[in-house]
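The values are calculated or read from the model by the stated rules, or taken from the named source; none is laboratory data. These numbers come from a predicted model, not from an experiment. As a convention, Cβ positions derive from the backbone with ideal geometry for all residues, glycine included, and neighbour counts pool all protein chains shown.
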Amino acid sequence: MSKLEPIEPVLVFSPHLDDAVLSCGLFLQAHPSTTVVTVLAGAPEAFHNGYNRQTTGKLYAPDAITVRREEDRRALDSLCATPVWLDLLDGDYAAHRPPVKYSEVIHDEIVRVLDEIRPKSVLSPLGLSHADHVAVSDACLEIAMHSPLAWFLYMDLPYGYFNRRVLNRRITSIMSRVQLRELDSFEGEPGVKQRAMSLYTSQYDPTRRSNRRAFDATMRGGERYWQVEGLL
């Protein structure tokens, strides 16, 4: 296998606020000035008693997202990465989405931000377990298949440690559409991801409680990446 060596500048697509640090924190620390675009980082103008209310204590959705964005800013600042937040709504706010096919909205916003930022390399999620991750991954894959950019996929963490069969099924599904080449495990300084994740004050404990073994493995282990090499 070969090393992950993207052409600068690099853009990382993150489904939610904290996914890029969980999945790519070692890469971000090794590649300062990377832009991290969180796709589903918006909130409806509404009171909402869902996940963000439960973790931030803020009932008004824009206030909850403000808390989460500030955590994301601090964590990415610690890794010398630049945050960009799109105002799209994640699945927790699905009832507040407009009555359109939201996958197309996600696709179009990703195209728009690529045209605006103009990276040379892109990292996007494999799309594991969570419907939002799959939606962002599918939109990115559709674009990657016809993109002149160097495109890489990263293993969504901690989801990648939940169930090996889910990981293998997703890779097989993607490889029915594009050619993938697995790269060497990306290793880094011990403690980098732990320190960055600790800055997500509202998210650290809930994320760890969801699967302590997978979370702790994410904090300790390396990261996995694949390069998209073209259509089949």
Q | Test for Ala196: is it closer than 23 Å to Leu28 by Cα and touching a Leu at 6+ places or on another chain (Cβ under 7 Å) | A | yes
Q. Tell me, which strands (runs of 3 or more DSSP E) wholly within region 141-232 include 1 or more residues that are under 17 Å from the mean Cα position of the chain (by Cα) and surrounded by 15 or more Cβ atoms within 10 Å (Cβ to Cβ)?
A. 150-154, 225-231
Q. Leu114 versus (1) of a type in the set (A, V, I, L, M); (2) surrounded by fewer than 23 Cβ atoms within 10 Å (Cβ to Cβ); (3) closer than 19 Å to Tyr154 by Cα; (4) in contact with an Asp or Glu (Cβ under 8 Å, 6 or more places away or on another chain): which is the lone unmet condition?
A. (4)
**Q.** Verdict on Ser176 being hydroxyl-bearing (Ser, Thr, Tyr) and out of contact with any strand residue (DSSP E or B) (no Cβ under 7 Å at 6 or more places or on another chain)
**A.** yes
Q: Quick one: in region 201-232, of everything that is among the acidic types (Asp, Glu) and more than 19 Å from His130 (Cβ to Cβ), which residue is modelled with the lowest pLDDT?
A: Glu229
Q) Do we find that Glu104 is among the charged types (D, E, K, R), out of contact with any Cys (no Cβ under 7 Å at 6 or more places or on another chain) and within 30 Å of Tyr51 (Cα to Cα) in this structure? A) yes
Q. So, of the residues in region 27-54 that are over 19 Å from the mean Cα position of the chain (by Cα) and of a type outside the set (Gly, Ala, Ser), which turns out to be surrounded by the most Cβ atoms within 10 Å (Cβ to Cβ)?
A. His48
Q.
With the structure loaded, tell me whether Ser129 is assigned to a helix (DSSP H, G or I), out of contact with any strand residue (DSSP E or B) (no Cβ under 7 Å at 6 or more places or on another chain), without any contact (Cβ under 8 Å) to a residue 60 or more places away in the chain and under 29 Å from Arg181 (Cβ atoms) or whether it fails that test.
A. no
